[in-house]
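*Asks:* After the structure tokens below, expect a handful of questions from me.
Nothing in this text is a laboratory measurement; each read-out follows from the coordinates by a stated rule. None of the values given here were measured: they were computed from a predicted structure. Virtual Cβ from ideal backbone geometry, glycine too; neighbours counted across all protein chains shown.
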Amino acid sequence: AVVIVATIRALKMHGGLAKTELGAENLEALEKGLPNLLRHVSNIRDVYKLPSVVAVNRFPTDTDAEVALIIEKCKELGVNVVLSNVWAEGGKGGVELEEEVVRLCEMPNDFSFSYDTDNTIAGKIETIVKRIYGGAGITIEAAAKKQIDTLTALGFDKLPICMAKTQYS
């Protein structure tokens, strides 16, 4: 099972707000940021084939209207969603999420990698960039190519690839 943690602030930022404006209620920006969240849900469901839940991680600046909007929109789109209020309530604020994760872990799944596991390191990275991030492809600079060659020589090309964070210039 996968927990996709979403914050109102991050969704508003994806909706076009500047960092300095994130503390004020803005339902329009919040709704504009939802496609980013939905892409993550789609990747988990359609690519990795795993059950998931969106945990709306509530913070003090989040208004009731904002929380209600994200939960309502997720439910309208068939996205499994629960409110996580651990910031304010500690463990008690995460009980609903914990119960949902346990339920999801008991469900069958058909896990699948996003790439062919027999592919090269560069091939796996390119597939991830295209299939998960929607990129056109990759460019591997000389220093990175050398690292890939070293990793391949050591047999690391047989291990799964994790791209938790990407950077671009």
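*Asks:* What is the Cα coordinate range of the stretch 26-91 on the first, second and third principal axes, sorted by size from largest, in whole angstrom?
*Replies:* Computed over the stretch 26-91, the largest-to-smallest principal extents equal 34, 31, 16 Å.
*Asks:* Continuing with the same structure: Which of 71, 128, 138 ends up with the largest GNM mean-square fluctuation for the chain, with Cα atoms connected below 10 Å?
*Replies:* 138
*Asks:* Now, a different point. Hey, what does the equivalent ellipsoid look like for the chain, semi-axes from the Cα gyration tensor as sqrt of 5 times each eigenvalue, largest first, whole Å?
*Replies:* Value: 34, 21, 14 Å, ordered largest first.
*Asks:* Still on this structure, I have one more. Any chance you could run the full-extension gain for residue 67 through residue 50? It's 0.36 nm times the residue separation minus the Cα-Cα distance, nm to one decimal.
*Replies:* In short, 3.6 nm is gained.
*Asks:* Let me ask another. Spin-label point model (7 Å from Cα, Cβ direction): what's the residue 142 to residue 163 distance in nm?
*Replies:* The modelled label-to-label distance comes out at 2.4 nm.
*Asks:* For the chain, what relative contact order do you get, as a whole percent, if you take Cα pairs closer than 8 Å and at least 6 residues apart? Walk me through the numbers before you get to the answer.
*Replies:* Working: 217 pairs, mean separation 31.9, N = 169.
Relative contact order for the chain comes out at 19 percent.
*Asks:* Additional query: Considering only 52, 84, 153, whose Cα is most displaced toward the positive end of the charge dipole of the chain, charges sitting on Cβ of Lys, Arg (+1) and Asp, Glu (-1)?
*Replies:* Final value for the positive-end residue is 153.
*Asks:* Which whole-number percentage describes the relative contact order of the stretch 77-169, with Cα contacts under 8 Å and a sequence gap of 6 or more?
*Replies:* On the way: 45 pairs, mean separation 16.6, N = 93.
In percent, rounded to a whole number, it is 18.
*Asks:* How high is the FRET efficiency from residue 18 to residue 59, r the C-beta distance, R0 22 Å, rounded to 0.05?
*Replies:* Details: r = 18 Å, r/R0 = 0.80.
Efficiency, rounded to the nearest 0.05: 0.80.
*Asks:* Run the simple label-point estimate for residue 122 and residue 42 please: 7 Å along Cα→C-beta, distance reported in nm.
*Replies:* With each label placed 7 Å out from Cα toward Cβ, I get 2.9 nm.
*Asks:* Which of these, 132, 44, 140, has the largest mean-square fluctuation under a Gaussian network model of the chain (Cα springs below 10 Å)?
*Replies:* It is 140.
*Asks:* Still on this structure: Among the listed pairs 73/130; 19/158; 75/130; 32/130, which have their C-alpha atoms separated by more than 30 angstrom in this model? If you can, show how the numbers build up before the last one.
*Replies:* Numbers: 73/130 27 Å; 19/158 41 Å; 75/130 28 Å; 32/130 23 Å.
Exceeds cut-off: 19/158.
*Asks:* Per residue, how big is the convex hull around the C-alpha atoms of the stretch 86-169? Give it to me in cubic angstrom, could you?
*Replies:* Details: hull volume 14.7 nm³, N = 84.
It comes to 175 Å³ per residue, whole-number rounded.
*Asks:* Further question on the same structure: For the chain, modelled as a GNM with alpha-carbon contacts under 10 angstrom, which of 20, 120, 61 fluctuates the most?
*Replies:* Between 20, 120, 61, it is 20 that shows the largest mean-square fluctuation.
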